[in-house]
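Here the structure comes first, spelled out in structure tokens, and everything after it is commentary.
The values are calculated or read from the model by the stated rules, or taken from the named source; none is laboratory data. None of the values given here were measured: they were computed from a predicted structure. Neighbour counts are summed over all protein chains in view; Cβ atoms, including those assigned to glycine, are modelled from backbone coordinates with ideal geometry.
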Amino acid sequence: LYPEIEEFVGGSEVFVYYIVRNGVIAFSMASEIATMRDNERGMPYHVANRFPSHHIERIYRECDDAFVRLIRSLGILNGYVGLQCFVTDDRVMVHDPTFRIDGANDHEVAKMITGVSDVELYITHSLTGQFGTQADADKLRYRSDWPIFLQVGVILGP
């Protein structure tokens, strides 16, 4: 008998974004992580994010309550919370929660989609104690009318 070290999960890799402002937790968006391999046996590596994930409705429907309870239990009052997940036919598994701005510059895409920069929210919070305005927070809430990126530098949408 050999111990199982880690289950190999085949499925989509999705990053779910939450913004917390004054204790109010809002599902903001979800992106799908596209990966590539150099060869058949190599590790996959991250090459792009697809916004939004085609799993966004399912994740919101099946996981939002649990994710909000998790974030609330951590006592987070202001900030950006990311939950990196594997999505298969029968489950959504969180494998890497974060409480930071990630290095993939997703905040730039979020700003294009919502008009709000979470980086600016952090800067404002450090200078004033306020994590943006309520108008900003309302723009960051999950919605289904996402713009479609047709080519680099051109954004069509609401």
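If a residue has to be more than 17 Å from Y122 (Cβ to Cβ), at pLDDT 90 or above and of a type outside the set (V, I, T) to count, how many in the range 67-96 make the cut? Number satisfying all stated conditions: 15. If only residues of the range 123-145 that are touching a strand residue (DSSP E or B) at 6+ places or on another chain (Cβ under 8 Å) and more than 13 Å from N22 (Cα to Cα) are counted, the one that is modelled with the highest pLDDT is L140. Checked against the criteria, I19 does not count as over 23 Å from T124 (Cα atoms) and either surrounded by fewer than 18 Cβ atoms within 10 Å (Cβ to Cβ) or among the aliphatic types (A, V, I, L, M) (or both). Look at (1) surrounded by 13 or more Cβ atoms within 10 Å (Cβ to Cβ); (2) in a helix (DSSP H, G or I) and you find that V94 fails only one, number (2).
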